[in-house]
Amino acid sequence: MRVLLRRFGVYLLTAWVAITANFFLPRLMPGNPIASLIGKLTGQVTPQEVRSIQLQFGVGLHSSIWQQYWTYWVNLFHGQLGTSITLSASVSSVLSSQIYWTLGLIGVATVLSFALGTALGAILGWTRGSRTDSLIPIATFFQATPYFFLGSVMVLVFANNLHWFPDLGAYDPNATPGWNWGFIASLFRYAQLPVISILLSSMAGWMLGMRNMMVTVIGEDFVLMAVAKGLPRRRVIWHAARNAVLPSVANFALAIGLLVSGALLVELVFNYPGVGNLLLNATLNEDYPLLQGIFLVITLTVLGANLIADVLYYWLDPRTRTPVAQ
Amino acid sequence: MKRLALPRSPKVIAGVIILGFFLVLMVIGPYIEPYNPSSPLFLQNLPPSSAHWLGTTELGQDVFSQLLDGARATMVVGLVAGLVATVLSIVVGVSAGYLGGKTDDTLSLASNVFLALPGLPLLIVIDSYLPVANRSNPFVIGGVIALTGWAWGARVLRAQTLSLRNRDFVEASRIIGEKRWRIMAVEIAPNLLPILASSLLFTVLYSIGAYTSLAYLGLTNTAVWNWGTMMYWAQANNALLANQWYWFVPPGICIALVGTSLALLNFGIDEFINPRLRAAGVRVRGPRRARARRPRLGMTPVVRETGATS
């Protein structure tokens, strides 16, 4: 339990770093980005809106920076992330209306990519030195391909030319959103291509990691023992794979960050609603309050996913329950 | 220096050739481009032809020239960021692993925090506050990317240093009374080389990905050509829907090829560090190819060298 609590402490600290960076970055950046933003906005938006940006980013205020920092935290605990400049709505309401798309898309893609990649990696590791090894360079190529590029190519080939999948958007514009069969079916149909393109490029990492670990584990005595006992091959693979998967779970932190980053850009390619598209709008229009809100939400979500992976690891590997010096 | 010789597997050779090609392109690209990549000199949206190998853009710029020109910015930022991040990770990782105690706790905590922070979103936030003029400076942007990408290397290096610290040869030099920095630099560092190389390749790969992603979002100076910017303009002009594959496919393939070459080299290092992986690869060429599908358990010939780790 102590191990888990320590990880939780690290994540709390990470969240604090993210929030604090959000507060200090715009204030300390060279070139004073907020002042130049306000200069651009003057005359375009109402004085109240300009005032709210000034309040949020501490321009022309008489309070000290620590007082502002305190106010920032108080607002955060009340769920107030400021007002989006371009969308003229509160950042929290914009985010809460869009985040489900992203959570659904990336959540499904993450789980599938981990499960499929690990399973394939276990098989590749087991049949090492055979023809299946030729999959490795192919997987490497997919791993090195930016997700958004792979997504673009898939739109070009499978949607525009072959018409196997619908090209852009998240659901059929003719369907009425709600709990009806037509809408849910179209959701499913429109999500296929984005999920497949995230899957293809993210799966390779899990696969290669698992293969290498599997090759290492197969050399261990307990696997030889399992074979010597005459266990069926399927059970031996399962035996070895359960041990080989541990580093993959332990490295989840690194992978999930990369996966989420890549998947956000895939949303742009498919014009899929969600945080990725909000992010693009926010950066293009210098909508700093929205940008900060998005960064915060992404960070907290990734930390949550990490925590789940850690609990899983703790449950899978009894050795972690007795802390020893590394 | 037999220890440093990488296994000469086809993977490594292919990696060296591809990477070498793009490194040469990085140097000579802007000199051999047929036209000025930014000038709208031609008819718009031309398909590929002998005059324009990759057609022209919506503005009538030559895509092939942009591709050649973009090699430099993309590769330079990748290399700068990779180097800076690796130096950071050596400083943090090796000192954490070697000094131990409070220093280790603090530095490990810092790298764990940076590992958990999602890199690209942080990068986007920092980058969008940067003045536009700085966004095209490879050293500024490379430095910012390095800031989000050093943690992984630091963690791996720390673990390796930790396992080296208590080996006999380090103990011996401590007893002779060598200075701490000397032990770190002369005794420990050479044994970290394979891990260091692997972490450098990995970071360069990450940096090129991050840089092109930023450029694809339009967050770098869009008047300076790199492969991500090309795709940004292609996307902005709906090249996808107009079937202009020759506009956005080549830069993507280039990114993927550079990435693949780095990953292939990494395989070589992996096989060097973990001889079991190497043995698995060598076996294929053996006489028993017919039964290659059947696993041979526990018979991997491994010569345990003192420097080898699992």
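The values are calculated or read from the model by the stated rules, or taken from the named source; none is laboratory data. Keep in mind that what you see is a predicted model, and the values were worked out from it rather than measured. Cβ sites come from the backbone with ideal geometry, for glycine too, and all protein chains shown count toward neighbours.
Here are a few things to note about the model shown:
- B:LEU120 vs. criteria touching a residue at least 24 places away in the same chain (Cβ under 8 Å) and in a helix (DSSP H, G or I): yes
- The set of residues in the range A:211-249 that are under 18 Å from A:GLY117 (Cα atoms) and outside any helix (DSSP H, G or I) contains only A:VAL245.
- Of all the criteria given as (1) surrounded by 13 or more Cβ atoms within 10 Å (Cβ to Cβ); (2) within 25 Å of the chain's Cα centre (by Cα); (3) part of a helix (DSSP H, G or I), the one not satisfied by A:GLY169 is (3).
- Residue among B:PRO194, B:PRO251, B:PRO287 that alone is within 23 Å of A:THR140 (Cβ to Cβ) and at pLDDT below 85: B:PRO194
- Subset of the range B:254-277 [within 7 Å of chain A (Cβ to nearest Cβ) and at pLDDT below 80]: B:ASP270, B:ASN274, B:ARG276, B:LEU277
- Test: A:LEU303 is within 18 Å of the chain's Cα centre (by Cα), assigned by TED's automatic domain parsing to the domain that holds A:ALA159, farther than 30 Å from A:LEU124 by Cα and surrounded by 21 or more Cβ atoms within 10 Å (Cβ to Cβ): yes
- Looking at B:GLU33, B:GLU58, just one residue is farther than 30 Å from B:TRP152 by Cβ and crowded, with 19+ Cβ neighbours inside 10 Å, and that residue is B:GLU33.
- Restricting the range B:1-12 to residues that are part of a helix (DSSP H, G or I) and over 15 Å from B:GLY259 (Cα atoms), the residue that is modelled with the highest pLDDT: B:PRO10
- Condition check for A:SER197: among the hydroxyl-bearing types (Ser, Thr, Tyr), away from chain B (no Cβ under 12 Å) and in contact with a helix residue (DSSP H, G or I) (Cβ under 6 Å, 6 or more places away or on another chain): yes
- Count of the range B:201-243 residues, restricted to those that are more than 21 Å from B:PRO121 (Cα to Cα), at the interface with chain A (Cβ under 9 Å from one of its Cβ atoms) and not aliphatic (A, V, I, L, M), is 1.
- Checked against the criterion of being of a type in the set (A, V, I, L, M), at the interface with chain A (Cβ under 9 Å from one of its Cβ atoms) and loosely packed, with under 15 Cβ neighbours inside 10 Å, the candidates B:ALA159, B:ALA133, B:ALA116 yield just one match: B:ALA133.
- Unmet criterion (only one of (1) within 30 Å of B:VAL132 (Cβ to Cβ); (2) within 11 Å of chain B (Cβ to nearest Cβ); (3) part of a helix (DSSP H, G or I)) for A:LEU278: (2)
- Residues that are facing chain B (nearest Cβ under 10 Å) and either buried (at least 16 other Cβ atoms within 10 Å of the Cβ) or not basic (Lys, Arg) (or both), drawn from the range A:226-254: A:ALA226, A:VAL227, A:ALA228, A:VAL236, A:ILE237, A:ALA240, A:ASN251, A:ALA253, A:LEU254
- A:THR71 meets each of the listed conditions (1) out of contact with any Leu (no Cβ under 8 Å at 6 or more places or on another chain); (2) at pLDDT below 70 apart from (2).
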